[in-house]
Amino acid sequence: MLLRWQQWNRHAKIWLWVITLIGVAAAMPLGLVRMDMEKTSKNIEYVFDYRDIIEVSELQSKPREFMKEKLELLKDSGITTMAVYESSLKELVQSGRLMYFSARDAALLQGKFEATGQNYTYVLFNGKEEEEKIGPIVREAFDRAEAVYREWSYEGRNGLVIEMPVGEAVMKVMDFDPMAMEELNGMGFKILPRFSDRIQPYDAEALDKLLGQMKEYGVTRVLFDGDKVKGASDKANLHSFSELLNNYGMGIAAIENLKKPQKGINTLAYDTDYNVVRLYSLSAGDGMTMTPEGIADRFLLAAKDRNIRMFFLNGMVQANTDKGKFVHNLDKISQALRGDNGAVAKLAEHGFTPGEPQPFDYEQPSWAKPLRGVVALGAIALIALVVGTFVPGVNIPVFLLGLVGSAGLYKLNSSTMEQALALGAAIAAPTLALIWAMNRITSRTVGDRRIVGGEDWSVGRSQASLAADEAAAGGKNGRLNWLFAAPSVGKRLGLAINWFVVTALISLIAVPLVFGLLNNITYNLVLEQFRGVSVLHLAPIALVAIYVVLYTGHAKLFNIRKLLAQPITLTWVVLVAVIGLVGYYYLSRTGNAGSVTPIELVIRNFLEQTFGVRPRFKEFLLSHPLFLLGLFLSLRYRAAWLLVIVGSIGQLSMVDTFAHLHTPLYISAIRVLLGLGTGAIIGCILIVAWLIVEGVLKKWAPVLIRKYIK
């Protein structure tokens, strides 16, 4: 019975590989659909924060002239749109619409004594037009707050006395400044309104009227201010607002790299049929400190690599004590956009022309869903294969369990099921690839120990048998042998390159399974993120290390109790510390927040300008070269096996590149191929350098030793 089960399991392994490859083939058409979708939106919109211009102008000697001059400058530079916010008393003062006073200041203004027992806010409009156009939004704001107010005037200017302290009055949120929108529209700017959810209670009728006015100004998209979208405080209000947006043909903009997504944006995106465009905001600090060339390069990278279609620029003013004046970044922003080397021209050269950004056409064909089911089967089969590598004889039950578990999880939450299978496949493929490479190495050095997915468990073999293998490979008395009798240099190089290529191909099996399972517009717009990527960065390394220790190491290491009973020496402590530091550095380089050194930035810019797409630094300059060198040296030196484990970083990094689902698929493919090609070249250079050093040491080391002894 046991023999029959082993036979079934061996046949099951073959069928699992067949199912995996069928899943890979099924994912390819889904990848083509995604690539077609990524071509449907190429227009770029450049937006500037109008509030920032007001704040910068306020500190100039002639604010109105300065603001008009800079608005014209920004328009000529390529800014097509101005972002406007819901107003407040403070912002209306900065815009020159009105003045407000405390009870004490109002008394001084009128030459009177301050009235006792009251702490009111006094508002004066700056003119007749301001009273007619700004007065209604001020009154509406305090009506919503149920504040008591009355008319007031001073020297021919009308205003209000609001029975509310100034500190509280300035916190009240008002509707958009109609005079600002009229002025900007008259200058030829489009309007990007930034709604908040701070105007309460939610008033659908008032919003309908406001959006109708916005439509007259040519508004086609809205942005949100704060941590919530409009209406997010109540789900019914959220659906009401999305319905209003649909009625006026307006979409939304989603801000990239927020610490936390704005509450309600996923629901709003779904209700508006994903009429969403990704927006990158250049912070005021970066706009002040970065060079114009750096800003242009960052915008190009964002448009190409992250599907950014709107760029939001912020103004800033600082006090320069050395110069004794205020300095701003408006001129630098203009310089970064304009000219042949500016961002607008650079992006246009790469096909990203200025214009109204369109949402991606994400409609899926009818056959996409069945194909995703086939891809899911492929992922389950691949996961079963890697489990069977560590636990023999379980390929069939693991696959069946995976089918049942995935079906149940799909019923509960299809997104979670897809992400779990994608993560499992992303971990399994590079793990199998590195284990395959380690088995090739051990078969050429210490003899076959464990066949991937097979039944020959060396753990169950006798100590004498394992010691015999070590002795045959050059070891003595069962002691660990660090030097093997290797074939010729040409043979080793050929084997290393062959294994390097095959290992990469096995690792890349996961790629179609990942983008096939996560073939949804929500991932491209980063409304939903692929969870568990941090696990992907560590799991294959840990699994390969475990395999090397338990299944390919010296006989002593097969006994877990003996391994745990080993005394902790200074060597072990230093080794753990080094591994910890390397791991910390590796994780610090992982993800969007990873840090880079200045020299890496120079190399990145060179690669970007030379190839148009830069390979990942840790792949082409670290992991791939060391992996190829490790494969070459491992046929001669056991210590070089550590380089193979380090090489697992490059294998999983290739898969992780495609896990960045907001990056166009062809960009990821080019990046990985460039990384493999350049990494292989650098690896060959390292091999040649090693051979030269090794030759010199062989020739001169004995002479130096004899000379030293004498």
| message | Tally up the residues in region 89-120 that are surrounded by 19 or more Cβ atoms within 10 Å (Cβ to Cβ) and among the polar types (S, T, N, Q), please. | response | 1
| note | Within region 241-282, residues being in contact with a Ser or Thr (Cβ under 7 Å, 6 or more places away or on another chain) and over 21 Å from residue 81 (Cβ atoms) number 3
| query | Which condition does residue 663 not pass, out of (1) in a helix (DSSP H, G or I); (2) surrounded by fewer than 23 Cβ atoms within 10 Å (Cβ to Cβ); (3) hydroxyl-bearing (Ser, Thr, Tyr), if it passes all the others? | reply | (1)
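The rows are residues; the columns are (1) among the polar types (S, T, N, Q); (2) farther than 18 Å from residue 368 by Cβ; (3) in a helix (DSSP H, G or I); (4) outside the structural domain of residue 421 (by TED's automatic domain parsing).
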site: 505; (1), (2), (3), (4): no, yes, yes, no
site: 515; (1), (2), (3), (4): no, no, yes, no
site: 531; (1), (2), (3), (4): no, yes, no, no
site: 535; (1), (2), (3), (4): no, yes, yes, no
site: 539; (1), (2), (3), (4): no, yes, yes, no
site: 543; (1), (2), (3), (4): no, yes, yes, no
| Do the conditions hold for residue 22, that is, is it assigned by TED's automatic domain parsing to the domain that holds residue 662, part of a helix (DSSP H, G or I) and free of Cβ contacts under 8 Å to residues at least 40 places away in the same chain? | no
| request: Check off (1) outside any helix (DSSP H, G or I); (2) touching a strand residue (DSSP E or B) at 6+ places or on another chain (Cβ under 8 Å); (3) not small (Gly, Ala, Ser) for residue 142 and give me the number that stays unchecked. | output: (1)
| task | Take residue 132 and decide whether it is without any contact (Cβ under 8 Å) to a residue 40 or more places away in the chain and either at positive phi or part of a loop (DSSP other than H, G, I, E, B) (or both). | result | no
| field | Selection count, region 255-305, where residues are modelled with pLDDT under 90 and among the hydroxyl-bearing types (Ser, Thr, Tyr) | value | 0
| query | Looking at 398, 374, 387, 404, which is the one that is in a helix (DSSP H, G or I), touching a residue at least 24 places away in the same chain (Cβ under 8 Å) and more than 26 Å from the chain's Cα centre (by Cα)? | reply | 374
| Going by the conditions given, is residue 315 of a type outside the set (A, V, I, L, M, F, W, C) and touching a residue at least 60 places away in the same chain (Cβ under 8 Å)? | yes
| task | Kindly indicate the residue of region 135-173 that is in contact (Cβ under 8 Å) with a residue 60 or more places away in the chain and among the small types (Gly, Ala, Ser) and also surrounded by the fewest Cβ atoms within 10 Å (Cβ to Cβ) among those meeting that condition. | result | 159
| remark: Of the candidates 117, 96, 127, the one satisfying the condition of being modelled with pLDDT under 95 and in contact with a Pro (Cβ under 8 Å, 6 or more places away or on another chain) is 96
| Residues (part of a helix (DSSP H, G or I) and touching a Lys or Arg at 6+ places or on another chain (Cβ under 7 Å)) located in region 255-265 | none
| query | Do we have residue 602 as part of a loop (DSSP other than H, G, I, E, B), in the same structural domain as residue 428 (by TED's automatic domain parsing), at pLDDT below 90 and within 26 Å of the chain's Cα centre (by Cα) here? | reply | no
| message | Checking the structure you have, find out if any residue of region 296-314 is crowded, with 19+ Cβ neighbours inside 10 Å, within 17 Å of residue 54 (Cβ to Cβ) and either touching a helix residue (DSSP H, G or I) at 6+ places or on another chain (Cβ under 9 Å) or acidic (Asp, Glu) (or both). | response | yes
| task | Quickly run through region 75-93 and pick out the residues that are in a helix (DSSP H, G or I) and under 21 Å from residue 281 (Cβ atoms). | result | 75, 77, 91
| field | Filtered residues of region 360-404 (kept if farther than 24 Å from residue 423 by Cβ and crowded, with 21+ Cβ neighbours inside 10 Å) | value | 360
| Quick one: how many residues across region 59-87 are of a type outside the set (A, V, I, L, M) and in contact with a strand residue (DSSP E or B) (Cβ under 9 Å, 6 or more places away or on another chain)? | 9
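Taking the stated definitions as given, is residue 345 under 30 Å from residue 526 (Cβ atoms), surrounded by 23 or more Cβ atoms within 10 Å (Cβ to Cβ), more than 24 Å from the chain's Cα centre (by Cα) and of a type in the set (Gly, Ala, Ser)?
It is false that residue 345 is under 30 Å from residue 526 (Cβ atoms), surrounded by 23 or more Cβ atoms within 10 Å (Cβ to Cβ), more than 24 Å from the chain's Cα centre (by Cα) and of a type in the set (Gly, Ala, Ser).
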| task | Would you confirm whether any residue within region 41-51 is farther than 30 Å from residue 359 by Cα and in a helix (DSSP H, G or I)? | result | no
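The values are calculated or read from the model by the stated rules, or taken from the named source; none is laboratory data. Everything quoted here is computed from the prediction, not taken from an experiment. Cβ sites come from the backbone with ideal geometry, for glycine too, and all protein chains shown count toward neighbours.
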